[in-house]
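A quick write-up on the structure given underneath.
The values are calculated or read from the model by the stated rules, or taken from the named source; none is laboratory data. Being a predicted model, the structure only gives us computed values, none of them experimental. Cβ placement follows ideal geometry from the backbone for every residue including glycine, while neighbour counts extend to all protein chains displayed. For accessibility, only protein heavy atoms count, side chains too; no ligands or nucleic acids. Shrake-Rupley method; radii C 1.70, N 1.55, O 1.52, S 1.80 Å.
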Amino acid sequence: MTATGSAARAAWLTTFRLLQRYHRYEVVNLEPLLRPGAKLLVGYHGRPLAVDLCMLTVTVHDRLGYLPHGIAHGAFDSLPGMRQVADGLGFVTGDGPRLAEAVAKGEHVLVQPGGTREGCRDFRHRYRVDWGERLGYLRLAVRYGLPIVPIAGHGMDDAYVGLNDGYAWGKRMHLPGRLPLWLGVGATGLWPLSLPFPVKMTQWVGEPLTRHLEAGFDAADRDALLTVHRDVTGAVQGLLDAARAPRAQ
């Protein structure tokens, strides 16, 4: 690993360990992630930057010795110095040799199908899965034979108060790269210059889903993909609901 990559990893670990303390972060049912073999971790995208999932990568690193491989924007391959940063953080840019290598080593891959569509909503829309019919993550799981582990929790939508639909505004303003134009309020003012509210965040990890790995499953059959997609989104929504139930607090 290059010096740039090492510095990026050290900064990531330090930042999100501090945020783990700030948010009194804990994980419920980490055990599925500790079992041998690569898995596709499919998480709900809290607002606005999925900080909870970033904190989860630190927990996994501390137990397994590596950061789960997030799928990053292709710009990491083209901008000067960013490839080294991506390598240090374990990021991969799409379906390529680095992803295949990570899976072959038995290391987890992390995706958030909801993206900014889910993470940059207003305060009226919280803790509701909103993936539309985005199926890329599922095709990836089929291609590499990866069980899907649903992940969600509580607290991640309370760190900031969203004032608008940033995804829709970004599209309306024709921002490049599907960037959102989101307005949010945190503990010390407007995002991104504000600290988040010091809410407790609890991550819930579900049991792996493997219906897409059964013999005879046809990844070219869109209806079959959508059936599994509904299973996955239902599992993630179920974790959101369970984590927020009074008995879970």
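Structural remarks
- Of the trypsin sites (Lys or Arg not before Pro) found in region 82-165, the ones in coil according to DSSP and having at most 11 other Cβ atoms within 10 Å of their Cβ are 105, 124.
- The calculated 222 nm mean residue ellipticity attributable to helices in the chain amounts to -12000 deg cm²/dmol, summing -39500 (n - 2.57) over DSSP H runs of n ≥ 4 and dividing by all residues.
- For the pair residue 207 and residue 3, label points projected 7 Å from Cα toward Cβ lie 5.1 nm apart.
- Once all protein chains are placed together, residue 207 keeps about 90 Å² accessible to a 1.4 angstrom probe.
- Ordering 92, 129 by accessible surface, largest first, gives 129, 92; the 1.4 Å probe counts only protein heavy atoms, with every chain in place.
- Surface composition of the chain: carbon and sulfur atoms hold 58% of the protein heavy-atom accessible area at a 1.4 Å probe.
- Residues of type aspartates and glutamates that residue 200 reaches as a straight line, Cα spacing below 17 Å, ignoring anything fewer than 8 places off in the same chain: 26, 52, 157, 158, 241
- Accessible area per residue, Å², the chain with all protein chains present, probe 1.4 Å: 48
- Counting only residues at least eight positions apart within a chain, or on another chain, the aspartates and glutamates with an alpha carbon under 14 Å from that of residue 39 are 31, 101, 107, 207.
- Between residue 100 and residue 128, the contour length at 0.36 nm per residue exceeds the Cα-Cα span by 6.9 nm.
- Pair residue 231, residue 200: separation of 7 Å Cα→Cβ label points (nm): 3.4
- Ratio of the Cα radius of gyration of the chain to 2.2 N^0.38 Å, where N counts its residues: 0.98
- Residue 153 long-range amide H proximity, modeled H, under 5 Å: 204, 240
- Label-to-label distance, residue 171 versus residue 217, with points set 7 angstrom from Cα along the beta-carbon direction: 2.9 nm.
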